[in-house]
């Protein structure tokens, strides 16, 4: 094997190793970067980022995703009887991607709603639970991509 061939093979091997490494680093990462639970919907990523940084009155819960571990960045009590919006921040999703949000109260499904990402590859979908369905107790918000659950968060109204 001559020097030029050896250099070419080594270069291709290094490029392949780097590509494989990038694939393995991102393996398991989901499309959800975070969620904000609030009394109003969030329509776009700029407003989402602003709300995540500056929690105003009416923002009840802010979650962020760091390496597939959801952490609570902000939390306050949720009032009974007010509407709730789960605004979910997505990345690396094509425009038109659909996700189903499920609101569960003490083990029983209250509402199921499918949202469509109007932008891509990054955007926000807000899911609403009417104020008349918000009572004291334990809730779960679940997010599905088809039949696959991609996100789940428990919270309570006191």
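Quick look at the numbers
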| quantity | calculated |
| --- | --- |
| 62, 88 arranged by Cβ crowding within 10 Å, fewest neighbours leading | 62, 88 |
| C-alpha long axis of helix 3-26 to longest principal axis of the chain, angle in ° | 10 |
| Residue-averaged 222 nm ellipticity for the chain, from DSSP H runs of 4+ at -39500 (n - 2.57), nearest 500 | -7000 deg cm²/dmol |
| Segment residue 111-residue 68, extension gain: residue separation times 0.36 nm, minus the distance between their alpha carbons | 12.9 nm |
| Over the stretch 31-157: Kirkwood hydrodynamic radius from C-alpha pairwise inverse distances, Å | 14.5 |
| Order of 13, 105, 141 - criterion: other Cβ atoms within 10 Å of each residue's Cβ, fewest first | 13, 105, 141 |
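Every number here is computed from the coordinates shown, using simple stated rules; none is lab data. None of these values were measured; they are calculated from a predicted model. Cβ: placed from backbone, ideal geometry, glycine included. Neighbour counts: every protein chain shown.
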